[in-house]
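Each remark here refers to the structure printed beneath this line.
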Amino acid sequence: MTERTASVRRDTLETRIAVELNLDGTGQSHLETGIPFLDHMLDQVARHGLVDLDVRAEGDLHIDAHHTVEDVGITLGQALAKALGDKKGIRRYGHAYVPLDEALSRVVIDFSGRPGLEMHADFRRSHIGEFDVDLFHEFFQGLVNHSWMTLHIDCLRGDNAHHVAETIFKAFGRALRVAAEFDPRSAGITPSTKGSL
């Protein structure tokens, strides 16, 4: 089996991002974004998606975290697209429900070749520690635009904002694991009636 890995750099006047990704890893991560809560969420993706993930970011955090969070999403999306290659033999679709105490989220992924995000999560407060919850949407928007996936995120219930965020990222990791997995019955076949994704 060909290694499904990617190494991507993104350098702008606002940020410098480096991502290394192994889709067939063991859930190991090394995360240095300068934003502790983002590191915590990315660790959930790695552990629950069984992907190895190395993310190093330097950004204009003296302004705020917006550019860094968005650009990490963009760069991770580029790495996903590169690691998936032609997508032959993958399951393409993946979904997961993940609870954490009172919170429950559902994430559904389609590696469709068409970027689209539907995110529905009501946070009871504007910040988790110092992290602005509006930035979750920016992260996932950047990711879907550059990985060419369709992504539906629904928090079905939850009161604690930390729990809501954690269920979303854990469910994303689990859904990613399923959608990117090889299906032995469709080895070498593109999972689309169009013949390409």
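None of the figures in this text is laboratory data; all of them are computed from the coordinates on show. Computed from a predicted model, the values in this text were never measured in an experiment. Every residue, glycine among them, receives a Cβ derived from its backbone with ideal geometry; neighbour counts consider all protein chains shown.
Fraction of C-alpha pairs exceeding 20 angstrom in the chain: 52 percent, rounded to a whole number.
Per-residue Cβ neighbour counts within 10 Å put M41, M149 in the sequence M41, M149, beginning with the fewest. Net charge in the neighbourhood of H40 (other residues with Cβ under 12 Å of its Cβ; Lys, Arg +1, Asp, Glu -1) is -1. Between E58 and D134, the distance separating the two model label sites (each 7 Å from Cα on the Cα→Cβ line) works out to 2.8 nm.
Farthest toward the positive end of the dipole of region 5-186, out of V133, T68, Y93, is the Cα of Y93, where the dipole comes from beta carbon charges about the Cα centre. Considering only G129, G89, G113, the Gaussian network model of the chain with Cα springs below 10 Å gives its largest mean-square fluctuation to G129. Stretched out straight at 0.36 nm per residue, the stretch from E118 to H152 would grow longer than its current Cα-Cα span by 11.8 nm. Once the Cα atoms are used to define both axes, helix 36-49 deviates from the longest principal axis of the chain by about 20 degrees.
Backbone phi angles across region 99-111, fed through the Karplus curve with coefficients 6.51, -1.76 and 1.60 (θ = phi - 60°), yield HN-Hα couplings of x, 8, 6, 7, 8, 8, 10, 10, 10, 10, 10, 9, 7 Hz in residue order; Gly and Pro are listed as x. For the chain, the longest principal axis of the alpha carbon atoms and the long axis of helix 66-84 meet at an angle near 10°.
Which residues make up the longest stretch of the chain that has no trypsin sites (Lys or Arg not before Pro) in a DSSP loop with at most 13 other Cβ atoms within 10 Å? With a cap of 13 other Cβ atoms within 10 Å, the longest stretch comes to 1-123. When shorter helices are ignored and each DSSP H run of at least 4 residues is given -39500 (n - 2.57), the per-residue value for the chain at 222 nm works out to -11000 deg cm²/dmol.
Against the longest principal axis of the chain, how steep is helix 161-180, in degrees 0 to 90 to the nearest 10, with axes from Cα atoms? Helix 161-180 sits roughly 10 degrees off the main axis of the chain.
Residues T12, T193, T150, T167, ranked from the fewest to the most other C-beta atoms within 10 Å, line up as T193, T12, T150, T167.
Taking Cβ atoms as reference points and 9 Å as the exclusive limit, the residues near T150 contribute a net charge of -1, counting Lys and Arg as +1 and Asp and Glu as -1. Can you list the aspartates and glutamates whose alpha carbon sits under 19 Å from that of K194, skipping same-chain ones fewer than 8 residues off? List returned: D86, D110, D183. Other residues whose C-beta falls under 13 angstrom from the C-beta of S7 contribute a net charge of +1, scoring Lys and Arg +1 and Asp and Glu -1. Mean projection of the Cα convex hull over all viewing directions, computed for region 56-142: 7.3 nm².
When you restrict to C-alpha pairs under 8 Å that are six or more residues apart and normalise by the size of region 5-186, the relative contact order lands at 27 percent. Taken along the Cα-to-beta-carbon direction at a fixed 7 Å, the label points for Q28 and S186 span 3.1 nm. The GluC sites (Glu not before Pro) found in region 109-197 that occupy coil by DSSP, while having at most 12 further C-beta atoms within 10 Å, are E130.
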